Amino acid sequence: MSNTPGPIGIFDSGYGGLTILHGIRQLLPEYDYLYLGDNARAPYGPRSFDVVYEFTRQAVLRLFEKGCQLVILGCNTASAKALRSIQQNDLPQWDANRRVLGIIRPTTEIIGQLTESRHVGVLATEGTIKSQSYNLEIARLWPDIKVSGVACPFWVPLVEYHEADSPGADYFVKKRIDQLLRLDPLIDTVILGCTHYPLLMPKILKYMPRGIRIVTQGEYVATSLQEYFLHHPEIERLCSKHATTHYLTTENPDTFREQAQIFLHENIEVENITLG
């Protein structure tokens with residue numbers, strides 16, 4: 001594979017990773033970005049580790065083929081179920097100079113500085129909760145913190161079917177927040193462990209008790225990437241800078257374009273590709 005500078009690749013099974021892309025572009029607008037959504041095979045949350053690994057592996061390889069030297073898995077499920085295997089098993093065979101990063105670690109690195117009670121909650125997809133990735137990462141970095149997690153299976157469809165502002169969303173949002181706080185009433189910080197969930201923020205703020213900090217990932221992933229570049233200038237030099245963004249999807253481009261406006265509030269051009 002070539003060492004020619006290329007765009008920063010951002011991969012998600014669907015649309016939620018667009019919130020990660022938005023956060024990164026806000027902080028680092030000068031770079032080029034290539035977003036790939038595997039929308040035809042979404043959601044990844046209920047799928048097995050092996051399937052998520054294989055799908056994610058295909059997507060990362062495609063982004064490398066498109067010239068990306070660095071790929072960010074802008075998907076909690078892919079970060080939880082595939083990142084480590086790709087880093088350890090695939091990168092040494094593909095190209096040891098390229099990098100694949102996830103979005104769970106940047107959030108867990110900062111969480112110890114945000115919680116005072118040392119009780120943290122996680123609201124995420126079923127796959128992320130079952131993987132225990134947040135629990136394990138936080139335990140490594142902050143062993144004194146207790147982590148409780150609740151899966152929110154209906155939250156992603158609420159966003160993608162344009163129901164995030166509907167009265168019906170109140171029931172599903174309140175139900176999961178109440179469930180989390182019953183698990184641990186001492187929680188003072190809640191991680192939104194799915195990239196779709198920030199679009200439900202008005203409802204989340206409505207039902208989350210005052211005084212509980214809500215942590216979204218986009219901001220922390222962006223600052224973590226900025227710091228990563230400072231510590232790894234050899235990787236930063238391989239990321240091209242023309243302030244462009246291109247989009248790929250395995251689904252209908254018109255559908256992707258329509259859904260992307262929910263996350264980005266801009267008109268975009270999209271190319272259809274196949275994986276597998």
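The values are calculated or read from the model by the stated rules, or taken from the named source; none is laboratory data. What you see is a predicted model, and the numbers here were worked out from it, not measured in a lab. Cβ: placed from backbone, ideal geometry, glycine included. Neighbour counts: every protein chain shown. Each accessible area value is taken on the protein alone, full model and side chains, heavy atoms only, with ligands, DNA and RNA left out. Shrake-Rupley method; radii C 1.70, N 1.55, O 1.52, S 1.80 Å.
Dividing the Cα radius of gyration of segment 44-173 by 2.2 N^0.38 Å, with N the residue count, gives 1.19. Applying a threshold of 29 Å to the alpha-carbon distances of Lys81/Lys241; Lys146/Lys206; Lys66/Lys203; Lys130/Lys241 flags Lys81/Lys241; Lys66/Lys203; Lys130/Lys241 as lying beyond it. Distances between placed amide hydrogens fall under 5 Å for Tyr35 paired with Ile10, His246, Tyr247, Leu248, all partners being 5 or more residues away or on another chain. The apolar share of the surface of the chain, taken as the fraction of accessible area on carbon and sulfur atoms (1.4 Å probe, ligands and nucleic acids excluded), comes to 51 percent. The figure for Met201 is an accessible area of roughly 40 square angstrom, using a 1.4 Å probe on the protein chains alone.
Rolling a 1.4 angstrom probe over the protein heavy atoms with all chains in place gives segment 48-164 an accessible area of 41 Å² per residue.
Loop-located GluC sites (Glu not before Pro) across segment 64-168 with a Cβ neighbour count of 14 or fewer within 10 Å are Glu116, with loop assigned by DSSP. Of the whole protein surface, Arg25 contributes about 50 Å² of accessible area at a 1.4 Å probe radius. Report, by chain and number, residues whose modeled amide H sits under 5 Å from the one on Ile191, excluding near sequence neighbours (fewer than 5 apart, same chain). Counting only residues 5 or more places away or on other chains, the set is Gly121, Val122, Leu123, Val215. Computed from phi, the 3J(HN,Hα) profile of segment 232-243 under the Karplus parametrisation 6.51, -1.76, 1.60 (θ = phi - 60°) reads 10, x, 5, 7, 4, 5, 8, 9, 6, 10, 9, 6 Hz, with x in place of Gly and Pro.
For Leu101, nonlocal amide neighbours, meaning residues 5 or more places apart or on other chains whose placed amide H falls under 5 Å from its own, are Val71, Ile72, Leu73. Basic side chains Lys and Arg get +1 at the Cβ, acidic Asp and Glu get -1 at the Cβ, and with that the dipole of segment 152-200 about its Cα centre reaches some 140 debye. Here the 3J(HN,Hα) profile of segment 74-81, calculated from phi with Karplus coefficients 6.51, -1.76 and 1.60 at θ = phi - 60°, is x, 9, 5, 5, 5, 4, 6, 9 Hz, Gly and Pro shown as x. Of Gln26, Ala42, Trp155, whose Cα points farthest to the positive end of the dipole of the chain (charges on the beta-carbon: +1 Lys, Arg; -1 Asp, Glu; origin at the Cα centre)? The Cα lying farthest towards the positive end belongs to Trp155. Applying Stokes-Einstein at 37 °C and 0.692 mPa s to the Kirkwood radius of the chain, computed over alpha-carbon pairs, gives a translational diffusion coefficient of 174 µm² s⁻¹.
When the surface is traced with a 1.4 Å probe over the full set of protein chains, Val270 keeps roughly 20 Å² accessible.
Per-residue ellipticity at 222 nm computed for the chain from its helices equals -12500 deg cm²/dmol, with DSSP H segments shorter than 4 residues left out and the rest contributing -39,500 (n - 2.57). With 22 Å as the cut-off, how large is the P(r) tail for segment 90-229, expressed as percent of Cα-Cα pairs? Every Cα pair in segment 90-229 considered, those over 22 Å come to 40 percent.
From the mean inverse distance of alpha carbon pairs (Kirkwood) and the Cα radius of gyration, derive Rg over Rh for segment 8-95. Each step should come with its number before you reach the end.
Details: Rg = 12.4 Å, Rh = 13.0 Å.
With Rh from the inverse mean 1/r over Cα pairs, Rg/Rh is 0.95.
Ranked by solvent-accessible area (1.4 Å probe, protein heavy atoms only, all chains present), the residues His196, His231 order from largest to smallest as His231, His196.
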